1. Spot the failing condition for A:ILE148; the list is (1) among the β-branched types (Val, Ile, Thr); (2) modelled with pLDDT of 95 or more; (3) in a helix (DSSP H, G or I), and only one is missed.
2. Which one of A:ALA297, A:ALA239, A:ALA263 is under 28 Å from A:ALA177 (Cβ atoms) and more than 14 Å from chain B (Cβ to nearest Cβ)?
3. Looking at (1) out of contact with any Cys (no Cβ under 9 Å at 6 or more places or on another chain); (2) more than 10 Å from chain B (Cβ to nearest Cβ), find the lone condition where A:VAL184 falls short.
4. Scan (1) within 17 Å of A:LYS26 (Cβ to Cβ); (2) at pLDDT 95 or above; (3) not polar (S, T, N, Q) for the single condition A:ALA137 breaks and write down its number.
5. Filter the range B:109-136 down to residues that are within 17 Å of B:VAL85 (Cα to Cα) and part of a strand (DSSP E or B), then give me how many there are.
6. Keeping to the range B:1-39, report how many residues are modelled with pLDDT under 90 and of a type in the set (A, V, I, L, M, F, W, C).
7. What are the residues in the range A:262-288 that are free of Cβ contacts under 8 Å to residues at least 24 places away in the same chain and buried (at least 22 other Cβ atoms within 10 Å of the Cβ), if any?
2 protein chains.
Amino acid sequence: LEPQSKTLPTTKEKHIHVELGDRSYKIIVSGSEVTNATQAIVRMADQILDVLSDLTHAVILGDEAVASSVSEPLERELSGRKIRVSAAQIPSGETSKSVAELARLWEWMLSAGVDRRSVVIAIGGGVTGDLAGFAAATYARGLRVVQIPTTLLSMVDSSVGGKTGINLPGAKNMVGAFWQPSLVIADSITLNTLPDREYVSGLAEVIKYGVIEDPDFFHWLEVNIQSLICRDSGALREAISRSCESKARVVGDDERETSGRRAILNYGHTFAHAIEATAGYGQLLHGEAVAIGMQMAASLAIALGRADQNLLDRQTRLLVQSNLPIKFPEANVPGMLEIMRRDKKVEYGKLRFVLPTKIGHVELVGNIDESHVVAAIQAHV
Amino acid sequence: LEPQSKTLPTTKEKHIHVELGDRSYKIIVSGSEVTNATQAIVRMADQILDVLSDLTHAVILGDEAVASSVSEPLERELSGRKIRVSAAQIPSGETSKSVAELARLWEWMLSAGVDRRSVVIAIGGGVTGDLAGFAAATYARGLRVVQIPTTLLSMVDSSVGGKTGINLPGAKNMVGAFWQPSLVIADSITLNTLPDREYVSGLAEVIKYGVIEDPDFFHWLEVNIQSLICRDSGALREAISRSCESKARVVGDDERETSGRRAILNYGHTFAHAIEATAGYGQLLHGEAVAIGMQMAASLAIALGRADQNLLDRQTRLLVQSNLPIKFPEANVPGMLEIMRRDKKVEYGKLRFVLPTKIGHVELVGNIDESHVVAAIQAHV
């Protein structure tokens with residue numbers, strides 16, 4: 001158990017240190033057992049000011065979906081502490097990760113008098129974190145950022161590792177920057193209003209960490225999946241912090257995706273991106289596409305003799321218990337292949353995939369024949 | 001004297017190492033005495049491949065003004081060496097540093113199949129280097145860049161230090177990234193076609209280095225200014241390399257402008273930006289505005305009792321001998337003040353200026369009364 005909050009009733013927090021030299025930062029995973037929403041906002045303000053003690057101008061960029069539950073209460077709390085606050089809402093949904101929305105944010109920041117001492121506080125899911133993080137990375141050549149993820153997916157995925165960015169037409173995350181936050185606050189109380197489908201979508205990335213590098217965690221998930229489905233606070237804190245620890249280990253080894261190590265986080269994602277792009281962004285939630293993509297990747301590994309059926313069976317069971325989809329009947333195979341050929345993971349024109357050999361271990365495999373890829377897709381339609 | 005080129009006739013080169021840890025890079029300053037234009041292009045290709053031996057896809061982003069003299073010959077030379085080349089032209093002029101032009105470049109790069117292994121080669125002045133550098137910093141979260149500055153200003157200023165970016169309406173360089181190049185090639189042969197007014201404009205930044213941190217160089221300039229005006233190859237190589245060394249020393253101490261050391265490079269620039277913004281970008285060349293801004297800054301230093309008249313006299317003489325403007329009769333003082341108040345160097349609302357105490361030494365001075373600033377402007381109208 002980690003140090004307790006100074007000013008609030010006893011609560012349970014885990015602090016995860018992401019080691020990146022002079023870009024290191026802390027993720028605070030807070031449970032909600034003994035706090036109410038008001039106390040959680042006070043605690044967030046405490047946590048922010050504890051790390052950023054020189055804060056004088058907070059720039060809150062929040063997803064419109066959490067405006068009344070998180071952004072506006074935090075704005076009032078910080079204003080009450082004599083901090084200047086500028087706030088803007090970001091429309092929900094992947095379409096906000098566009099050049100147009102980025103340009104709108106940049107110009108709004110200019111009009112709000114944002115300068116290099118200002119601190120951006122990004123509140124929302126992956127879309128908000130990616131867009132606001134990229135705006136922060138580039139405005140005045142880089143502002144400090146606090147990420148407050150409010151979806152399970154963004155708590156366990158995009159809040160760790162510093163990837164920020166936007167989409168170009170037909171190319172997800174094609175423009176962006178590596179930009180590490182100064183602090184991440186993952187408070188499970190913000191998940192209370194998250195729709196079931198979005199919550200479950202986040203479980204796909206949680207399960208991914210078990211497959212790629214933490215077999216004990218995979219086993220823990222097999223035992224505790226029902227508690228997680230029911231959003232039990234203790235189970236959630238454990239799942240979020242073990243996922244963040246897993247990602248932090250990988251990112252710490254390979255911050256800028258140069259050694260290949262970081263690529264293992266893309267398990268299931270080459271298929272998933274192709275699914276999302278051909279289905280039209282927004283048809284499937286990202287985690288749903290990742291669940292299906294993990295199934296395709298596991299089948300590809302089996303076809304190449306790299307993994308056995310038991311791996312796929314255990315993965316399938318956990319995904320099904322989580323109510324995640326494991327098939328994509330509408331697959332447009334030629335369309336998916338075309339997308340995969342221009343995936344950023346393609347090097348020198350050859351398809352590469354992250355494939356498991358056993359639960360807890362994956363490898364980056366290059367030069368894969370397209371016929372195997374097609375068969376892996378067709379195994380899950 | 002540095003190592004000679006392997007495949008070409010004897011030439012004179014200086015190699016400047018910019019020390020930035022794992023982001024260190026080399027600036028090659030090439031003279032033109034014994035090479036013609038064709039040989040210079042061959043030499044550039046050699047220099048690029050020597051540093052980037054794994055180059056397979058070169059993305060040439062060149063100012064339209066040097067398309068026929070540099071970009072197209074280099075494209076042919078690299079293509080002849082079996083390297084895939086994609087090339088796009090950037091319209092000349094500050095208006096290219098816009099969100100619209102950046103978005104156009106990003107989408108063109110996507111259509112050209114640019115991926116994370118591609119290397120951007122930016123050819124042109126500061127506008128091209130800043131825009132292409134920022135596109136490279138952000139496309140696929142960062143591509144390697146070779147900067148080939150083709151103006152004196154960009155050789156001695158923007159090619160060192162990794163600042164890239166674009167303008168927002170009314171706010172120069174408000175969006176951008178620190179993104180270090182892999183290699184800079186400053187070949188004075190590319191200056192042959194540079195108009196006199198642009199060439200002279202670059203001398204303002206050269207003189208700046210003497211004032212801010214290299215008194216010996218300032219003295220060298222006083223002795224050699226006529227050779228420089230006449231674009232003598234040897235004098236040029238000396239002036240470019242000493243300027244780059246000066247900037248590299250400062251940038252090496254403070255890569256991201258956090259310690260305050262790097263701010264000294266902005267000597268004259270707070271006034272200059274205000275002059276440029278109120279005159280309308282493009283009325284004055286940047287170096288011309290810097291020359292006037294240095295005069296205003298020197299007068300401000302004198303008014304505050306920080307420098308003596310002799311400093312201003314020596315600076316004035318060198319600027320006049322260089323045919324640089326030293327007055328700005330059209331100054332819109334209230335407009336300039338408004339711009340200065342929102343300058344990125346403003347912190348907590350107080351005006352700060354880089355002011356000299358003697359030739360070769362400047363200091364960052366904060367909390368300056370606006371009446372002194374107004375008087376300093378009015379001393380040079």
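The values are calculated or read from the model by the stated rules, or taken from the named source; none is laboratory data. On a predicted model such as this, the values are computed, not experimentally measured, just so you know. Neighbour counts are summed over all protein chains in view; Cβ atoms, including those assigned to glycine, are modelled from backbone coordinates with ideal geometry. For accessibility, only protein heavy atoms count, side chains too; no ligands or nucleic acids. Shrake-Rupley method; radii C 1.70, N 1.55, O 1.52, S 1.80 Å.
1. For A:ILE148, the failing item is (3).
2. Working: A:ALA239 fails: under 28 Å from A:ALA177 (Cβ atoms); A:ALA263 fails: more than 14 Å from chain B (Cβ to nearest Cβ).
Going through A:ALA297, A:ALA239, A:ALA263 in turn, the sole match is A:ALA297.
3. A:VAL184 satisfies all of (1) out of contact with any Cys (no Cβ under 9 Å at 6 or more places or on another chain); (2) more than 10 Å from chain B (Cβ to nearest Cβ) except (1).
4. Of (1) within 17 Å of A:LYS26 (Cβ to Cβ); (2) at pLDDT 95 or above; (3) not polar (S, T, N, Q), only one is false for A:ALA137: (1).
5. Final tally of qualifying residues: 5.
6. Within the range B:1-39, residues that are modelled with pLDDT under 90 and of a type in the set (A, V, I, L, M, F, W, C) number 5.
7. A:ALA272
Quick grid of which residues meet (1) in a loop (DSSP other than H, G, I, E, B); (2) open to solvent by 10 Å² or more (accessible area, probe 1.4 Å); (3) modelled with pLDDT of 95 or more:
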site: A:GLY293; (1), (2), (3): no, no, yes
site: A:ALA307; (1), (2), (3): yes, yes, yes
site: A:ASN310; (1), (2), (3): no, yes, yes
site: A:LEU319; (1), (2), (3): no, no, yes
site: A:ILE377; (1), (2), (3): no, no, yes
